[in-house]
Every structure is written in structure tokens, then in C-alpha cells.
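Worksheet: the structure to be examined is printed underneath.
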Amino acid sequence: MKKQQSLHIFLIFALLFSVAVSAQKKKNTSVTENEIYYSENYKSPKKIDFVFSGNLEYRDYFFSDLEEKIKLKFSKEYIQISIRYSNKLPHYISIGKTDDNTMVFHLNIDNPKTLSERNGYDRVVKFDFSGELFQPNSNITEMIFKSYVICKHDITTENDAIVLYLLSKINKE
């Protein structure tokens, strides 16, 4: 009986240890904020026009993956969105009932830097990530953030974290 209890206790500690080790490995990837600014009268928007800008080589994989995750997460939060690339017409517009003024949210990603290279697949990369939310008619800036993203292999591995980060900034959490 005591051997069986010892075995159970050992298995529990082994499981807890493996969870702790994997959590530490996960900490190597993240979205880290450098600066954030909100206007005095900031109010969370219910209608946002996302504009992706920065290095266009990210268009086909980073922005397209981020776009899909934004569509899913923001629709669950009942936030209407449209998505476009700099100086282009929107290629996606969600359908909703909100007649609130649309805010424009410029998202920019640039300056990739390889922090470490481990046979290509496990490389660690850092990207600058910034955004500006403003009212299009008056150009009043409602929010600005500057951050960076550290990820393994490529930036799409952190798109879920990026979308959660964007939602937390929009909702001012």
C-alpha cells in the first residue's frame, strides 16, 4: 500500500515538474510592451478598421494568419472589423449592427532580428510590433503602443498571443 502511495506521489511530482519546465520554455516567446498611451477620453471601440503595414514580405503568411485569428476572436467580442493593407481598399468587412464611428487601427511589424539559430527550425526571432488607434475624421489619437514579439521559428507562432494582446489594449485591461 505504501509503495503504491509513493508511486502516486512520485507521478504527481513528475507531472508538476514537467509542467513547470514546459512553462519556463514557453516564457521564451512573448509579446512585450515598451510603451502605451491612451487619450483622456478613451472609449473601447466597437467598430475597427485594421490597417496592416510594415514589411510586405510578411503579407502572405504573418498577416494572413493574424487576420484569421482577429476575425475569430473579435467576432466573439462583438467588435465589427474591416481589414486592409496600407493604401488599399478593405478586403474583409464583417457584418454587424453597430453604427458607431469606426476607429482606424494601424498595425506595423518590422525589424526582424534572429536572436539565436538552432538548425533553422528552433531559431528565436524578435520583431518590433506597434500600433496606433485613431479617429479617421479628426485624426485624434486614442491609443498608441510599441512592443516587440519574441518567437520561435517565425512570428506566426505568436499570433494567438498577439490577438489577445490587441484585445487587452483595446479593452484597456
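The values are calculated or read from the model by the stated rules, or taken from the named source; none is laboratory data. This structure is a prediction, so every number in the text was calculated from the model and none was measured. For neighbour counting, all protein chains shown are included, and Cβ atoms are generated from backbone atoms with ideal geometry for every residue, glycine included. Protein only, heavy atoms only, side chains kept; ligands, DNA and RNA dropped before computing areas. Shrake-Rupley method; radii C 1.70, N 1.55, O 1.52, S 1.80 Å.
Just to be sure before I move on: is residue 30 modelled with pLDDT under 90, closer than 16 Å to residue 112 by Cα and in contact with a His (Cβ under 7 Å, 6 or more places away or on another chain) in the structure I sent? No; evaluated as a whole, the condition is false for this residue.
Considering (1) surrounded by 13 or more Cβ atoms within 10 Å (Cβ to Cβ); (2) closer than 23 Å to residue 150 by Cα; (3) at pLDDT 85 or above, the lone condition that residue 35 does not fulfil carries the number (1).
Out of the residues in the stretch 64-112 meeting the condition of being among the polar types (S, T, N, Q), in a loop (DSSP other than H, G, I, E, B) and surrounded by fewer than 13 Cβ atoms within 10 Å (Cβ to Cβ), tell me which one is modelled with the highest pLDDT. So that I can check it myself, show each step before the final result.
From the stretch 64-112, those among the polar types (S, T, N, Q) are 64, 75, 80, 82, 86-87, 94, 98, 101-102, 108, 111; that's our starting set.
Checking which are in a loop (DSSP other than H, G, I, E, B) leaves us with 86-87, 94, 98, 101-102.
Retained after the next criterion (residues that are surrounded by fewer than 13 Cβ atoms within 10 Å (Cβ to Cβ)): 86-87, 101.
Numbers: 86: 80, 87: 74, 101: 73.
Checking each candidate, the answer is 86.
Quick check: anything in the stretch 55-62 surrounded by 15 or more Cβ atoms within 10 Å (Cβ to Cβ) and aliphatic (A, V, I, L, M)? No, the conditions are met nowhere in the stretch 55-62.
Residue 169 fails exactly one of the following numbered conditions: (1) touching a helix residue (DSSP H, G or I) at 6+ places or on another chain (Cβ under 8 Å); (2) modelled with pLDDT of 90 or more; (3) in a helix (DSSP H, G or I); (4) not hydroxyl-bearing (Ser, Thr, Tyr). What is the number of that condition? Going through the list (1) touching a helix residue (DSSP H, G or I) at 6+ places or on another chain (Cβ under 8 Å); (2) modelled with pLDDT of 90 or more; (3) in a helix (DSSP H, G or I); (4) not hydroxyl-bearing (Ser, Thr, Tyr), residue 169 breaks only (1).
Counting only residues that are closer than 15 Å to residue 43 by Cα and either open to solvent by less than 40 Å² (accessible area, probe 1.4 Å) or within 10 Å of the chain's Cα centre (by Cα) (or both), the stretch 114-173 holds 10 of them.
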